[in-house]
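The values are calculated or read from the model by the stated rules, or taken from the named source; none is laboratory data. None of these values were measured; they are calculated from a predicted model. Cβ coordinates were reconstructed from backbone atoms using ideal geometry, including for glycine residues, and neighbour counts include every protein chain displayed.
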Amino acid sequence: MSDDSPGGRAGSGLRWSNWNLLLLVPLAILITPLTNFRGPALLGMPFFYWSQLAFVIVGVVCVAVVFVKTKDRRDEGQDK
């Protein structure tokens, strides 16, 4: 069989990793009953607003961790 993949590597398609499950954490912000209330306030901001800001930071950290843990590591011999 020939290798028709654009990168020229066999098996370069989608691969599963358990780290991808971490990407479900930022989706929790879509469950509005978890955050839809006023207290506790932080610097005068209701919980609903500051929790959304906190989830942005948590989401960025989760995506960064998944990226670092699942990126392809090339062998030094392949770059030549």
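Residues of the stretch 14-46 that are over 24 Å from VAL63 (Cα atoms) and of a type in the set (A, V, I, L, M, F, W, C): PHE37, ALA41, LEU42, LEU43, MET45.
Specify the residue that is modelled with the lowest pLDDT; the eligible residues are those in the stretch 22-57 that are among the small types (Gly, Ala, Ser) and over 22 Å from VAL68 (Cβ atoms). Working first, answer last.
Taking the stretch 22-57 and keeping what is among the small types (Gly, Ala, Ser), we get 28, 39, 41, 44, 51, 54.
When the remaining residues are screened for being over 22 Å from VAL68 (Cβ atoms), the result is 39, 41, 44, 51.
Numbers: GLY39: 81, ALA41: 86, GLY44: 88, SER51: 87.
By that ranking, first place goes to GLY39.
In the stretch 51-80, the residues that are among the small types (Gly, Ala, Ser) reach residues that are surrounded by 14 or more Cβ atoms within 10 Å (Cβ to Cβ) and at pLDDT 85 or above with C-beta atoms within less than 7 angstrom, at least six apart or across chains, in these pairs: GLY59/PRO26.
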